[in-house]
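Engineer: Input: one structure, supplied below.
The values are calculated or read from the model by the stated rules, or taken from the named source; none is laboratory data. Just so it is clear, the structure is predicted and the values come from calculations on it, not from any experiment. Heads up, the Cβs are rebuilt from the backbone with ideal geometry, glycines too, and the neighbour counts pull from every protein chain shown.
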Amino acid sequence: MAIIKYLGHSAFEVVLTGLDGKEKTILIDPWLENPLSPVKVDDYKKKPIDYIFVTHDHGDHMGNAIEIAKATGAKIVGIFEVALYASEQGVDAVDGNIGGKLKIPDLEVVMTPALHSSQRGVPVGFVIRGKDISIYHAGDTGLFAEMSLIGELYSPDIVMLPIGGHYTMGVKEAVKAVHMIRPRIAIPMHYNTFPPIKTDPEKFKELVENTTTTKVVILKPGETLTYP
């Protein structure tokens, strides 16, 4: 089972059972000062956080990762250069790169490509598998053909896909991504935070559910999805 809480923009809190059978709490791209955020940074400084996954080092994704890691002892997981930066800031970090499984004992984690930009290293997505569920957070990305391989190799149950356009995929491209990955559930993200990425998630839901067997779950900031 997994509990996925949307924190606005591309930020999520995920609670799932690790490979060791113990509950793990992770944050992904924790920019908790985003305009849609239902929480405050201090709320997470008091929580037990195991890992913080950072898809790339733009401010709206790396966000509050360093200060939360310092407060909680959470490990930051990122591309080599992002992890190195985190280590230089005095926090524990797990570095890696696009390829095979990372050496994380209690989760199965694979970094995937993401078509975007960054200052340190390259942008990535993450496939994160616990004992009984797999999720794919695509990060900031445009559509790319190898998304079909992500579906084929890792069969994620749940995907988080950007739909806002301008900086990432828009609705049309995100619908195609669902066709390629074939998850059970798709959660839209990275939309309506700023005027350039304003879009209607209901259109994404309509197009996906009319053309695939995937269910789209639109989470308002602060809402949770419990799966299964």
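Engineer: Right, Gly130: of a type outside the set (S, T, N, Q), more than 22 Å from Leu115 (Cα to Cα) and at pLDDT 95 or above or not? Let's see the steps before the verdict.
Structural biologist: Values: of a type outside the set (S, T, N, Q): yes; more than 22 Å from Leu115 (Cα to Cα): yes; at pLDDT 95 or above: yes.
Here the answer is yes, as Gly130 does meet what is asked.
Engineer: A further question on this structure: I need the full set of residues from the range 1-29 which are farther than 22 Å from Tyr191 by Cβ, charged (D, E, K, R) and in a loop (DSSP other than H, G, I, E, B), in order please.
Structural biologist: Within the range 1-29, Asp20, Lys22 qualify.
Engineer: Same structure again: Evaluate the range 30-46: report whether one residue or more is among the β-branched types (Val, Ile, Thr), part of a helix (DSSP H, G or I) and over 24 Å from Gly142 (Cβ atoms).
Structural biologist: We begin by selecting, within the range 30-46, every residue among the β-branched types (Val, Ile, Thr); these are 39, 41.
Imposing the further condition that a residue be part of a helix (DSSP H, G or I) reduces the set to 41.
The next check asks that each one be over 24 Å from Gly142 (Cβ atoms); those that pass are 41.
Yes.
Engineer: Would you be able to say whether some residue in the range 82-93 is within 18 Å of the chain's Cα centre (by Cα), among the hydroxyl-bearing types (Ser, Thr, Tyr) and outside any strand (DSSP E or B)?
Structural biologist: Within the range 82-93, not a single residue is within 18 Å of the chain's Cα centre (by Cα), among the hydroxyl-bearing types (Ser, Thr, Tyr) and outside any strand (DSSP E or B).
Engineer: Please go through the range 108-147 and give me each residue that is in a strand (DSSP E or B), without any contact (Cβ under 8 Å) to a residue 40 or more places away in the chain, over 23 Å from Pro228 (Cα atoms) and aliphatic (A, V, I, L, M), ordered by number.
Structural biologist: Listed by number, the list holds a single entry, Met111.
Engineer: Can you tell which of Thr168, Thr193 is within 15 Å of the chain's Cα centre (by Cα), more than 15 Å from Val127 (Cα to Cα) and part of a loop (DSSP other than H, G, I, E, B)?
Structural biologist: On the way: Thr193 fails: within 15 Å of the chain's Cα centre (by Cα).
Only one candidate passes the filter, namely Thr168.
Engineer: I'd like the full set of residues that are acidic (Asp, Glu) and touching a residue at least 60 places away in the same chain (Cβ under 8 Å), limited to the range 1-50.
Structural biologist: Narrowing the range 1-50 to residues acidic (Asp, Glu): 13, 20, 23, 29, 33, 42-43, 50.
Residues satisfying the conditions are Asp20, Asp29.
Engineer: Can you say whether Thr226 is among the polar types (S, T, N, Q), modelled with pLDDT of 95 or more and either in contact with a Ser or Thr (Cβ under 9 Å, 6 or more places away or on another chain) or part of a loop (DSSP other than H, G, I, E, B) (or both), as far as the supplied structure shows?
Structural biologist: Against the criterion (among the polar types (S, T, N, Q), modelled with pLDDT of 95 or more and either in contact with a Ser or Thr (Cβ under 9 Å, 6 or more places away or on another chain) or part of a loop (DSSP other than H, G, I, E, B) (or both)), Thr226 does not qualify.
Engineer: Gly130 fails exactly one of the following numbered conditions: (1) over 22 Å from Ala177 (Cβ atoms); (2) more than 15 Å from the chain's Cα centre (by Cα). What is the number of that condition?
Structural biologist: Here Gly130 meets the rest and fails (2).
Engineer: Now a separate question. Are any residues in the range 19-48 within 10 Å of Gly63 (Cβ to Cβ) and surrounded by fewer than 17 Cβ atoms within 10 Å (Cβ to Cβ), and if so, which ones? Step through it out loud before you land on a result.
Structural biologist: We begin by selecting, within the range 19-48, every residue within 10 Å of Gly63 (Cβ to Cβ); these are 27, 29-34, 37, 41.
Within the range 19-48, Glu33, Val41 meet the criteria.
Engineer: On to the next question. Where residues in the range 163-187 are touching a Lys or Arg at 6+ places or on another chain (Cβ under 8 Å) and closer than 24 Å to Leu149 by Cβ, which of them is surrounded by the fewest Cβ atoms within 10 Å (Cβ to Cβ)? Spell out how you get there, then give the answer.
Structural biologist: Let us first name the residues in the range 163-187 that are touching a Lys or Arg at 6+ places or on another chain (Cβ under 8 Å), namely 164, 171, 184-186.
Still in the running and closer than 24 Å to Leu149 by Cβ: 171, 184-186.
Details: Val171: 23, Arg184: 16, Ile185: 18, Ala186: 29.
Among residues in the range 163-187 that are touching a Lys or Arg at 6+ places or on another chain (Cβ under 8 Å) and closer than 24 Å to Leu149 by Cβ, the one surrounded by the fewest Cβ atoms within 10 Å (Cβ to Cβ) is Arg184.
Engineer: To continue, here is another question. Condition test on Ser37, is it touching a His at 6+ places or on another chain (Cβ under 6 Å), among the small types (Gly, Ala, Ser), within 29 Å of Val216 (Cβ to Cβ) and at pLDDT 95 or above?
Structural biologist: Working: touching a His at 6+ places or on another chain (Cβ under 6 Å): no; among the small types (Gly, Ala, Ser): yes; within 29 Å of Val216 (Cβ to Cβ): yes; at pLDDT 95 or above: yes.
The answer is no for Ser37.
Engineer: Quick one: which of Ile158, Ile98, Ile133 is surrounded by 21 or more Cβ atoms within 10 Å (Cβ to Cβ) and of a type in the set (A, V, I, L, M)? Please lay out each step first, then the result.
Structural biologist: Values: Ile98 fails: surrounded by 21 or more Cβ atoms within 10 Å (Cβ to Cβ); Ile133 fails: surrounded by 21 or more Cβ atoms within 10 Å (Cβ to Cβ).
Result: Ile158 is the single residue among Ile158, Ile98, Ile133 that is surrounded by 21 or more Cβ atoms within 10 Å (Cβ to Cβ) and of a type in the set (A, V, I, L, M).
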